[in-house]
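Laboratory data are not the source of any read-out in this text; all were calculated from the coordinates shown. Note that the structure is a prediction, hence the values are computed from the model and not measured. Cβ atoms come from the backbone with ideal geometry, glycine included; neighbour counts cover every protein chain shown.
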Amino acid sequence: MAKDIIHVLQAVGLDSKQSQLYVSGLQLGTAPASDYAKATGFNRITSYNLLEEMVHKGYFTVVRKVRAKWYAPVAPEYIALEARKNAEALERVLPELRSLQGSKYRKPRVRFFEGWEGVRHVYEDTLTAESDLLNFANSAVVRKFWPLYDSEYVDERVKRGIYLRGIAPDDQAGKRVHGEDQRKLREIRLVPASDFDFKNEIAMYDNKVAIISFADDPQRMFGVIIESKEVAETQRQIFEMAWRYAAVTNPKQKSNEKPFRFKRRFIA
């Protein structure tokens, strides 16, 4: 008995034993349960119970002859027709199934981290990004609290191949960091520090938004990671709007790449 036929029948709803009985039935024609038992190697009671079950499901017909029931499989075209009906029914409910799948993203998961160690944990999570990393950040502030930020975080981001696009204040630290963009796998656009002197950092990656709040006392620092497809998409749109503004306010900055480079490898 060809195994591939059995596998196909299983794919359309029959189990292994039912599939064997059906294929045997095509060869036997109309026959009693005892003949099916001999053909498949099943015992007579198992064959009888399975055949009755398949009659109920519409895969077999049954006629009574003298004192015994004789069984015959329906035509293969019937099974093909039923399989097509099931596929069409599934196609009709796909939109509803997709909406159920997406519901988990509409119910955000929010994680809160306290203190400097908590903030470090948020930074570590951004290194799991599969999409480009987008952020609003103050180049000077993070390096004030994390002197080894470039060697411990930036170099690790580069090692993992995570591209960053960032918007930062146009101050001394911002200019210095921006000057190293090409080597650090990133593009930073600077905005007037007098108008946009960021104190917190906001990062967007995959289906997440990370917010880091700095303070003079490390124990008062905190970080938040919000996992939500909708929230992340909205924050990306806000970032892209600011990204365009940054290009207009400082057109002399050299761009390493075209805008809107972020990858869409996260689950929609």
By how many degrees, between 0 and 90 and to the nearest 10, does the Cα long axis of helix 115-126 differ from the longest principal axis of the chain? 60
What is the order of MET54, MET204, fewest Cβ neighbours within 10 Å to most? MET54, MET204
State the antiparallel share, in %, of DSSP beta bridges confined to the chain, rounding to the nearest 5. 75
Calculate, axis by axis, the spread of Cα positions in segment 108-249 along the three principal axes, and write the results as whole Å, longest axis first. 36, 33, 32
How big is segment 29-68 by the Kirkwood estimate over distinct Cα pairs, in Å? 10.4
Net charge of Cβ neighbours under 10 Å - reference GLY115; Lys, Arg +1; Asp, Glu -1: -1
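Over 31 Å between Cα atoms: which of LYS38/LYS85; LYS159/LYS208; LYS65/LYS85 fall into that group?
Cα-Cα > 31 Å for LYS38/LYS85; LYS65/LYS85; rest within.
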When all C-alpha to C-alpha distances in segment 3-74 are sorted into bins of 10 Å, what percent of pairs does each bin hold, rounded to whole numbers? 22, 59, 17, 2
Could you put THR61, THR40 in order, starting from the residue whose Cβ has the fewest other Cβ atoms within 10 Å? THR61, THR40
Excluding the sites themselves, what is the longest stretch of the chain that contains no trypsin sites (Lys or Arg not before Pro) in a DSSP loop with at most 14 other C-beta atoms within 10 Å? 68-159
Expected-Rg normalisation [2.2 N^0.38 Å, Cα atoms] applied to the chain: 1.75
How high is the relative contact order of segment 3-74, given as a whole-number percent (alpha carbon pairs under 8 Å, six or more residues apart)? 30
